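Asks: Sharing a structure, written as C-alpha cells. Questions coming.
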Amino acid sequence: MKALYIKNAFAISPQAITSDRLERLEVLNGDFIHAQPINYKELIPPMSLRRMSTSVKIGLGCSLNVLKDSDCSMPDAIITSTGIGCIDDTEKFLNNILEQHEELLTPTSFIQSTHNTISAQIALHLKCKAYNNTFSHASISFESALIDCQLFVEENSNSNVLVGGVDEIGSELIPLTKELEQDIQIPFSEGGAFFLLTDNTPENLPCIKDVITYNSLSEIPLKKCTEKFLELNGLNPSSIDLLILGSNGDNFDVYYSQMKHLFPENLMALNYKNYFGEHFSASALATFLGYLILKNQKMPGGSLPKPIKNILIYNQFKGKDHGFILMSI
C-alpha cells in the first residue's frame, strides 16, 4: 500500500493540543471530560451551528481548520470514522419515543442521529460531491478509515483525502458504560482529529506508512503479527523510536506489556489515553500526537534524547479490535 503523507491536521480534545502546547500536555483526571470547544462561530454560520451535535461540531470544525491552512479547498474524498456516532441525538430521539408514547415525534433528532451525519455535514458545508464514506468499527474505526484511504489513493493517485475520527460522550450511554467498566482507570472523554492525506511524496512531511487491524489476537501471536507488520515495511523492532500505546488501566493492559517486551528496554513509550481519555476514536488523537512529535521533534513533558523517525501506535479494547498504525518521517 502507498504511504499517506500528512499535509495538514487539526484536533479537538479535552485539552488544547498544538505544536506550541505539546510539551505542556497534562494527564487527565476525573470520570468524564468533555472536549474543549474552539470558536466555531468563526467557521460555521450561527443558525447552522445551533442545530449541530457535539460530534458534528468537532468533525466540521476540525475539517474546516485543516482545509483553511492548506493548499486544498476541496478534497477528492471525505472519509470519517466514529464508534458510536451522534449518540446524544440518538438518546434524544429514543427518549422522545418514550415521552410522546410513540406519537407526534419530530424527525430532527432521528435524522441527525445516524453515524454518517458527520461526514454528510462536512460534504454539505463544502459542497463536495466526491467519494464520501463512514466507518463504525468500534475502537478500530479510525484505522478502518485509513485503510479505505489507502485503497482510494491506489486507484486515484495524487489525491487529497480528508480523513478523521470523532466520538462524543452523550448523556446516558457513556455514564452507563462507566458503571459497567469500573476497571477502566482513565476518564471517558470525547474529541476528534482530521487529516488531509495525499499519496504524493512531498519532502519532509510526516506520513502514515501503513495500517493493519485484527479483530482478535492472543498474546503469543501479538509478537508474530507485530514483527511481520514491521518486516513488511522494511523495519524491525530496533527501528522503532517511539511506542504510542492505548493503556487504560484494565486487565487487558497485558497486551501493552507484551508489546513493550518486543522492543529494546530503553525504547520510549507514551500512553496517549492519559492525555485524551477513553473513547472509540481516541486512536485518531494518538495519530495527531504522533504527527506533532514527528513534525516538531518534541514530546509531552520532556525533551527528545534522539530524533524520532519511526513511531508505532498500538491500541486494543477489551482484548479485541487491535489496531497498528506505523508513522514515519
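The values are calculated or read from the model by the stated rules, or taken from the named source; none is laboratory data. These figures come from a predicted structure and were not determined experimentally. Backbone-built Cβ (ideal geometry, glycine too); neighbour counts: all protein chains shown. Just the protein is used for accessible areas: all its heavy atoms, side chains included, with ligands, DNA and RNA removed. Shrake-Rupley method; radii C 1.70, N 1.55, O 1.52, S 1.80 Å.
Asks: Touching a Leu at 6+ places or on another chain (Cβ under 6 Å) and among the β-branched types (V, I, T), is that true of I212?
Replies: Details: touching a Leu at 6+ places or on another chain (Cβ under 6 Å): no; among the β-branched types (V, I, T): yes.
Criteria not met by I212.
Asks: How do the pairs read when you match residues in the range 19-31 that are touching a residue at least 40 places away in the same chain (Cβ under 8 Å) with residues anywhere that are surrounded by fewer than 12 Cβ atoms within 10 Å (Cβ to Cβ), using Cβ under 9 Å and keeping only pairs 6 or more apart or on different chains?
Replies: E23/G302; E23/S303
Asks: Next question, about the same structure. Being touching a residue at least 12 places away in the same chain (Cβ under 8 Å) and open to solvent by 50 Å² or more (accessible area, probe 1.4 Å) narrows it down to one residue among L180, L173; which is it?
Replies: Numbers: L180 fails: touching a residue at least 12 places away in the same chain (Cβ under 8 Å).
Answer to the selection: L173.
Asks: Restricting the search to the range 1-56, which residues are hydroxyl-bearing (S, T, Y) and either open to solvent by 80 Å² or more (accessible area, probe 1.4 Å) or within 29 Å of I184 (Cβ to Cβ) (or both)?
Replies: Quick first cut of the range 1-56, residues hydroxyl-bearing (S, T, Y) only: 5, 13, 18-19, 40, 48, 53-55.
S13, T18, S53, T54, S55 - these are the residues of the range 1-56 that are hydroxyl-bearing (S, T, Y) and either open to solvent by 80 Å² or more (accessible area, probe 1.4 Å) or within 29 Å of I184 (Cβ to Cβ) (or both).
Asks: Go through (1) over 14 Å from the mean Cα position of the chain (by Cα); (2) at negative phi one by one and return the number of the condition A145 breaks.
Replies: (1)
Asks: Shifting gears a bit: Do the conditions hold for T54, that is, is it in contact with a helix residue (DSSP H, G or I) (Cβ under 7 Å, 6 or more places away or on another chain), touching a residue at least 24 places away in the same chain (Cβ under 8 Å) and not aliphatic (A, V, I, L, M)?
Replies: On the way: in contact with a helix residue (DSSP H, G or I) (Cβ under 7 Å, 6 or more places away or on another chain): yes; touching a residue at least 24 places away in the same chain (Cβ under 8 Å): yes; not aliphatic (A, V, I, L, M): yes.
Spelling it out, T54 is indeed in contact with a helix residue (DSSP H, G or I) (Cβ under 7 Å, 6 or more places away or on another chain), touching a residue at least 24 places away in the same chain (Cβ under 8 Å) and not aliphatic (A, V, I, L, M).
Asks: State which residue is nearest to L289 (Cα to Cα) when the search covers only the range 1-28 and only residues that are outside any loop (DSSP other than H, G, I, E, B) and of a type in the set (K, R). Spell out how you get there, then give the answer.
Replies: Kept after step one, since they are outside any loop (DSSP other than H, G, I, E, B), are these residues of the range 1-28: 4-12, 22-24.
So of that shortlist, the ones also of a type in the set (K, R) come out as 7, 24.
Working: K7: 15, R24: 13 Å.
Checking each candidate, the answer is R24.
Asks: Kindly evaluate I186 against the criterion of being among the β-branched types (V, I, T) and in contact with a strand residue (DSSP E or B) (Cβ under 9 Å, 6 or more places away or on another chain). Can you show your working first?
Replies: Working: among the β-branched types (V, I, T): yes; in contact with a strand residue (DSSP E or B) (Cβ under 9 Å, 6 or more places away or on another chain): yes.
When the stated conditions are applied, I186 passes them.
Asks: I'd like the residue in the range 128-142 that is open to solvent by 70 Å² or more (accessible area, probe 1.4 Å) and in contact (Cβ under 8 Å) with a residue 12 or more places away in the chain and, out of all such residues, is nearest to the chain's Cα centre (by Cα). Walk me through it before giving the result.
Replies: Within the range 128-142, the first condition is being open to solvent by 70 Å² or more (accessible area, probe 1.4 Å), and the residues that meet it are 129, 131, 137.
Still in the running and in contact (Cβ under 8 Å) with a residue 12 or more places away in the chain: 131, 137.
On the way: Y131: 20, H137: 12 Å.
Across the range 128-142, the extreme among qualifying residues is H137.
Asks: To continue, here is another question. Modelled with pLDDT of 85 or more, crowded, with 21+ Cβ neighbours inside 10 Å, out of contact with any helix residue (DSSP H, G or I) (no Cβ under 8 Å at 6 or more places or on another chain) and small (G, A, S) - does that describe any residue in the range 214-229?
Replies: no
Asks: Within the range 262-272, is there a residue that is crowded, with 23+ Cβ neighbours inside 10 Å and either closer than 19 Å to I33 by Cα or touching a residue at least 24 places away in the same chain (Cβ under 8 Å) (or both)?
Replies: yes
Asks: Still on this structure: Just to verify a result, which residue in the range 73-90, among those that are farther than 16 Å from G164 by Cα, crowded, with 17+ Cβ neighbours inside 10 Å and not β-branched (V, I, T), is farthest from the chain's Cα centre (by Cα)?
Replies: Restricting attention to the range 73-90, the residues satisfying the condition of being farther than 16 Å from G164 by Cα are 73, 87-90.
Now restrict to residues that are crowded, with 17+ Cβ neighbours inside 10 Å: 87-90.
Filter again for not β-branched (V, I, T), leaving 88-89.
On the way: D88: 19, D89: 21 Å.
Only one residue tops the list, namely D89.
Asks: Still on this structure, I have one more. Could you please find all residues in the range 101-127 being crowded, with 18+ Cβ neighbours inside 10 Å and in a loop (DSSP other than H, G, I, E, B)?
Replies: Those that are crowded, with 18+ Cβ neighbours inside 10 Å and in a loop (DSSP other than H, G, I, E, B): Q112, S113, H115.
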